[in-house]
Amino acid sequence: MLHFLNKYKIPIGLFILFEIIGILFTSIYKHVFYIINFSYIGFFVALTVGLIMAGKRKARLLSEFAVGLYMLVFLGIINRENMQLEGFFFFALMGIFMAAVIHYVVAKIVGPFIFGRAWCGYACWTAMILDLFPYKVPQNPSVKKLGFLRIGIFALSLAYFIFIYFHFQMTREMDNIIHNMRNIMFISFIVGNIIYYVVGIVFVFIFKDNRAFCKYFCPITVFLKPCSYFSLLRIKVNNEKCISCNKCIKICPMNVDMLDNRFSRKNGTECIHCLECVHECPRKALSWHIGK
């Protein structure tokens, strides 16, 4: 039993973390939705991580679809919440602490200090589709200079929200702003996701890389990258075991060089915790660690 707990302490810890978050929000807002929401997400993330650690390398799709579809279809489409950047800006400015704001705070602002960019690897509803394409291993090296695109998309999302918000504020009564803005935000969510899927699929075949969208276009990385720099959960290399075969680098969907300990913090900002490098290493020189 102790061996099991020690081996799977990371997925167990992730599940407990989500339970604590759910209980905290439930106690604050007095609504059972929060414990159900975080229990559901925590269960599938923890189960998937456990399966991957047990050798089921394709299990990551389980979490991507279970969590991704839940957020896209249930929270986004059925409950009409814009789960993209514009929605976060809108609800945060309005002081409405609903799904979009909670999602960004937990998964993309505060959470990455603990689990880095695990959101990208286990819950993103855009990546869940892109990961179905044949280029799981990038066919070409990462084009670093294209990283400016995601900053530009972030700026455009912010500018779009500001324009829509002040347009309604100047032309409508205050009582109608929230109602009309919510309708616009819902339409923006649908259109935005269509654009993301189209661009993501086009990028897959241009760069022969399923994760090209994440590297060059996704604006969420403006939040994720700086926070993930300080992540407690990260891949570490044991230089005494490493034979520099570079199999881990070749298999990485995000083109991360995990062997460069000098820039381990920087490398962690791109790592999505898929654990492909850990499984591929013939000498077991790579491992998942919490903290130092």
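Just so it is clear, none of the values below were taken in a lab; they were calculated from the coordinates. Remember, predicted model here, so these are calculated numbers, not experimental data. Counting neighbours? That spans all protein chains shown, and the Cβs are built from the backbone with ideal geometry, glycine included.
Using a Cα-Cα cut-off of under 18 Å, which aspartates and glutamates could be cross-linked to Lys241, ignoring same-chain neighbours fewer than 8 residues away?
Asp257, Asp260, Glu276, Glu280
Between the helical axis of 33-53 and the dominant principal axis of the chain, each derived from Cα atoms, what acute angle in degrees is found, rounded to the nearest 10?
It works out to around 20 degrees.
Would you give the gap between the C-alpha center of segment 1-43 and the C-alpha center of segment 177-250, rounded to a whole Å?
24
Placing +1 at every Lys and Arg Cβ and -1 at every Asp and Glu Cβ, with all other atoms neutral, what dipole size does the chain have around its Cα centre, in debye to the nearest 20?
That gives the chain a dipole magnitude of about 1120 debye.
Where does each of Tyr216, Tyr196, Tyr29 land when they are ranked from fewest to most other beta-carbon atoms within 10 angstrom?
Ordered by Cβ neighbours within 10 Å, fewest first: Tyr29, Tyr196, Tyr216.
Around Tyr135, what is the net charge, scoring Lys/Arg as +1 and Asp/Glu as -1 over all other residues with Cβ under 15 Å from its Cβ?
My count for the surroundings of Tyr135 gives +2.
Ignoring everything except DSSP H segments at least 4 long, calculate the 222 nm mean residue ellipticity for the chain; use -39,500 (n - 2.57) per segment, divide by total residues, nearest 500.
That comes out to -17500 deg cm²/dmol.
When all C-alpha to C-alpha distances in the chain are sorted into bins of 10 Å, what percent of pairs does each bin hold, rounded to whole numbers?
Per 10 Å bin, starting at zero, the Cα-Cα P(r) for the chain comes out as 6, 27, 35, 22, 8, 2, 0 percent.
Based only on other Cβ atoms within 10 Å, what is the fewest-to-most ordering of Cys252, Cys227?
The fewest-first ordering by Cβ neighbours comes to Cys227, Cys252.
Taking a threshold of 20 Å on the Cα-Cα distance, which of the pairs Lys56/Lys284; Lys56/Lys266; Lys145/Lys236; Lys145/Lys247; Lys58/Lys236 fall above it?
Beyond 20 Å: Lys56/Lys266; Lys145/Lys236; Lys145/Lys247; Lys58/Lys236.
Gain in length, Asn140 to Val202, computed as 0.36 nm per residue apart minus the alpha-carbon separation, to one decimal in nm?
Extra length available between Asn140 and Val202 comes to 20.8 nm.
Can you work out ³J(HN,Hα) from phi for every residue in segment 224-229, in order, using Karplus 6.51 cos²θ - 1.76 cosθ + 1.60 and θ = phi - 60°, giving whole Hz and x for Gly and Pro?
3J(HN,Hα) across segment 224-229, in whole Hz: 5, 4, x, 6, 5, 4.
With +1 on the Cβ of every Lys and Arg and -1 on the Cβ of every Asp and Glu, and nothing else charged, how large is the dipole of segment 232-290 about its Cα centre, in debye rounded to the nearest 20?
That gives a dipole near 160 debye.
What FRET efficiency, computed as 1/(1 + (r/R0)^6) with R0 = 22 Å and r the Cβ-Cβ distance, is obtained for Leu132 and Ile194, rounded to the nearest 0.05?
0.80
Report the extension gain between Cys245 and Ile290 in nm, rounded to one decimal, defined as 0.36 nm multiplied by the number of residues separating them, less their alpha carbon distance.
13.7 nm
Please state the Cα pair-distance histogram of segment 232-290 with 10 angstrom bins from zero: what percent is in each bin?
26, 64, 10
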